[in-house]
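Since the structure comes first, as structure tokens, the remarks are kept for the end.
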Amino acid sequence: MTTDVQRPAAADQPVEAADDTTLEPVAPPTVDPSAGDDGLPSDRFLNRELSWLDFNARVLALAEDTSAPLLERAKFLAIFAGNLDEFYMVRVAGLKRRQSMGLGVRSSDGLSPREQLAVLAQRTAELAGRHARCFVEDVRPALMARGVRLLLWRELDAAQQSGLRTYFRDKVFPVLTPLAVDPGHPFPYISGLSLNLAVLVRDPVDDTEHFARVKVPNNVGRFVPVEAGDSTTTYLPLEELIGAHLQQLFPGLVVTAHHAFRITRNADVEVEEDRDEDLLQALERELARRRFGPAVRLEVGDDMDPHVLDLLIRELEITPDDVVQVPGLLDLASLWQLYGVDRPELKDPPFLPSTHPRLAEGERAVDIFAALREGDVLVHHPYDSFATSVQRFVEQAAADPAVLAIKQTLYRTSGDSPIVDALIDAAEAGKQVVVLVEITARFDEQANIKWARALERAGCHVVYGLLGLKTHCKTCLVVRQEGGQLRRYAHIGTGNYNPKTARTYEDLGLLTADAEVGSDLTDLFNTLTGYSRQTEYASLMVAPHGVRRGLVERIDAEAGHAREGRPSRIRIKANSVVDEVVIDALYRAGRAGVPVELLVRGICTLRPGVPGLSESVQVRSIVGRFLEHSRVMAFGVGDRTEVWLGSADLMHRNLDRRVETLVRIKDPLVQAQLTGLLDLAFAPDTTAWLLAPDGSWTRSPGPGLPQRDLQRELSRRPGEALSGA
């Protein structure tokens, strides 16, 4: 929707594959896919990697949509590029590592790592070409026509070129360092995701040709402003400016050619967890190593000199299959800079979240603790303001003299974090503050190390979770003295405590004073901070012990109802559905005739609509302005409906290698709000993508049919987004 791709997915940006929810190191499946379970066919799973690429193709389709505002289309081109970077850095890198180690474990659809890499190379080349053409042939010309011009050096007039020569001399030339490659100068280290120029120069004395590399600096804007007017904004790519002035870097030589290139490196971090070693120090050591991971992709222009390409392939120790040639500019993730242009008519209308009606009386904020004593509150971001709900919950707890303790998990947060500030204030006010900081959250490791140290300096008790498990749950527990007793208040959500992504990620959160939930969270935090081995809870499912088991039990129960002729239903909203055990349970339910509806934003390896297997199973996906990120599971019909929400996706790592929580919704009003959301999401006239048995996706409803946009529908009802109306 993190996002999270200057890193590649900056937490401050709405990136569709953000929050580490769909990308994980390649791991073997939890079941043998060739051995049918309960007579299930061996080809019942789709390929996980291709399913993710299909998701990114749906993101690309938003950029190709000519009815969308132009800068929004540019934004989705940037999101696609950042997503694909992360895919190579983690998933492709993992497959390459497995292949190099000779690990022959096959994917859930039966492909070896080598076979998967071949299939992925073909599919990514196709998508990369489509992505480049969308920009070169469609979006760039359309932007030019509307006064947002991205020009090449040869397209500038003499006055413009003169002004940029001064800019180059003062701002760019001093930071450039040409690096020669010859017997006395080894091929230089090239950092991942950096943009570079491969330069060929000729010595006029002996007519010999030499190769040099010039790094395009990343501390200068990628697009250099040329001129600005009321209706026109003109930019020049920085590599074009450098390319036009290369002769200044090589006096006495003749520059004969230059080509842009970019590499992607394996960026996965594997921390050796040792009980005798400080985890913080181990992680910092691994982060230093990540800079030097092997190259897994080389991006070049489609006009690169074959001699230069051969040299790069040889020196980077990659194969021709690792090369992606595209027309036009490289690194279109930089289009985020163009999206920042102040041209509101080329963007979606601004969306301002509103305060949840239970948390305000007119313009005045109410006491959150008093509101929760009257009943649970369900907040739906970005429609409900994060700042006036979850953030204010923590801030009020920090300032309230009656609050004795705050216990909080932090997986990702923003660069300027009011949540962290509130926790620091609480500790400095003498409250007991316990914060579990997940310092191994991919690509946010450095930021989380910084927050952990700041919290420790303020007197917070900071812990890093359990050995071998990431703590991915989103929970906050507040203990308050009220009269002669203690009362616990809690927040359990589907998204991170990040006020910036809360404006672009769709997430749900339960604010509650339910005593049973408070007791469960107390036990959970004791497990996370101490030596408790609690695995059973009254109102929670907690991974790695309870989520898969609890979901499969409920799926099987619905199958039992269907076999006995009673009404049944299963509806699940998630980011990814990959876990074979859960999918097989859904197949059993489908065979029993249970209506199963899945809303999956990203990866889904279940095949819906297969005769005799999943005829009653439907899978749809919604990809739009906001990144669909919440997880909701509903089982049953009528009075026996159970609804759960929380942090867990149906993936191996979420169910086996993470601490995740799902909370059962007890409040009848909140349950009605969530079932209303599912009703709207699964309505036949709600715009979505439908998954076919062969893994292909098609838009629904078709052209010319009545349709409504889920996110637009919810945006029209500020303060009552989940009314079910």
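The values are calculated or read from the model by the stated rules, or taken from the named source; none is laboratory data. Fair warning: this is a prediction, and the values are worked out from it, not measured in the lab. We place every Cβ from the backbone using ideal geometry, glycine too, and count neighbours over all the protein chains shown. Keep in mind that these areas ignore ligands, DNA and RNA; they rest on the heavy atoms of the full protein, side chains included. Shrake-Rupley method; radii C 1.70, N 1.55, O 1.52, S 1.80 Å.
Values as computed for the structure displayed
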{"item": "Region 97-249 - percent of accessible surface contributed by carbon and sulfur, probe 1.4 Å", "result": "51"}
{"item": "Computed label-point distance, nm, for sites residue 191 and residue 656 using a 7 Å Cα→Cβ extension", "result": "3.6"}
{"item": "Karplus-derived 3J(HN,Hα), 6.51/-1.76/1.60, for each residue of region 389-404, Hz, glycine and proline x", "result": "10, 5, 4, 5, 4, 6, 5, 5, 4, 5, 8, 7, x, 7, 7, 9"}
{"item": "Full-stretch length increase - residue 428, residue 556 - with 0.36 nm per residue and alpha-carbon distance subtracted", "result": "41.1 nm"}
{"item": "Ordering of 360-366, 75-81, 324-330 by packing [mean C-beta count within 10 Å, highest first]", "result": "75-81, 324-330, 360-366"}
{"item": "Relative pair counts by distance (%), Cα atoms of the chain, 20 Å bins", "result": "16, 48, 30, 5, 0"}
{"item": "Burial ranking of peptide ranges 642-654, 370-382, 450-462 (average Cβ count within 10 Å, highest at the top)", "result": "642-654, 370-382, 450-462"}
{"item": "Extension gain, residue 319 back to residue 516 (0.36 nm per residue minus Cα-Cα distance, nm)", "result": "65.2 nm"}
{"item": "Between region 622-646 and region 156-215, the Cα center-to-center distance that results, in Å", "result": "54"}
{"item": "Using a Förster distance of 30 Å, the FRET efficiency for residue 449-residue 218 (Cβ separation, nearest 0.05)", "result": "0.90"}
{"item": "Gained length - residue 615 relative to residue 467, 0.36 nm times residue gap less alpha-carbon distance", "result": "49.1 nm"}
{"item": "3J(HN,Hα) from dihedral phi, region 508-514, Karplus parametrisation 6.51/-1.76/1.60, rounded to Hz, x for glycine, proline", "result": "10, x, 9, 9, 8, 10, 4"}
{"item": "Region 140-219: C-alpha pair distances exceeding 22 Å, %", "result": "49"}
{"item": "For residue 235, distant residues with modelled amide H under 5 Å away", "result": "149, 150, 151, 226"}
{"item": "Hydrodynamic radius (Kirkwood) for region 586-657, which is based on Cα pairs only, to one decimal in Å", "result": "13.8"}
{"item": "Convex hull volume per residue in cubic angstrom - Cα atoms of region 316-380", "result": "246"}
{"item": "Cleavage-rule hits, GluC sites (Glu not before Pro), region 457-543, DSSP coil, Cβ neighbours within 10 Å at most 15", "result": "536"}
{"item": "Efficiency of FRET between residue 210 and residue 692 - r from beta-carbon atoms, R0 60 angstrom, step 0.05", "result": "0.65"}
{"item": "1.4 Å probe accessible area per residue over region 35-78, in Å²", "result": "27"}
{"item": "Under 22 Å from residue 450, Cα to Cα: lysines that are on another chain or at least 8 residues apart", "result": "407, 431, 470, 474, 500"}
{"item": "Segments 46-53, 251-258 sorted - mean Cβ within 10 Å per residue, highest first", "result": "46-53, 251-258"}
{"item": "Heavy-atom accessible surface of region 313-418: percent carbon and sulfur, 1.4 Å", "result": "52"}
{"item": "Region 342-434 shape via C-alpha gyration tensor axes, a/c threshold 1.5", "result": "oblate"}
{"item": "Three-way shape call for region 565-713 based on the alpha-carbon gyration tensor, with the a/c threshold at 1.5", "result": "rounded"}
{"item": "Cα convex hull of region 297-345, projected area averaged across orientations, nm²", "result": "4.5"}
{"item": "Region 494-553, accessible surface, carbon-and-sulfur percent (1.4 angstrom probe)", "result": "45"}
{"item": "Residues with amide H under 5 Å from that of residue 577, placed H, sequence gap 5 or more", "result": "603, 604, 605"}
{"item": "Residue 387 paired with residue 310, simple spin-label distance in nm, labels 7 Å along Cα-to-beta-carbon", "result": "6.0"}
{"item": "In Hz, Karplus ³J(HN,Hα) per residue of region 311-323 (6.51, -1.76, 1.60; θ = phi - 60°; x = Gly, Pro)", "result": "4, 5, 4, 5, 6, 7, 6, 10, 10, x, 5, 8, 8"}
{"item": "Amide H contacts of residue 297 (H built 1.01 Å from N, under 5 Å, at least 5 apart or other chain)", "result": "264"}
{"item": "Solvent-accessible area per residue for region 329-459 (1.4 angstrom probe, square angstrom)", "result": "37"}
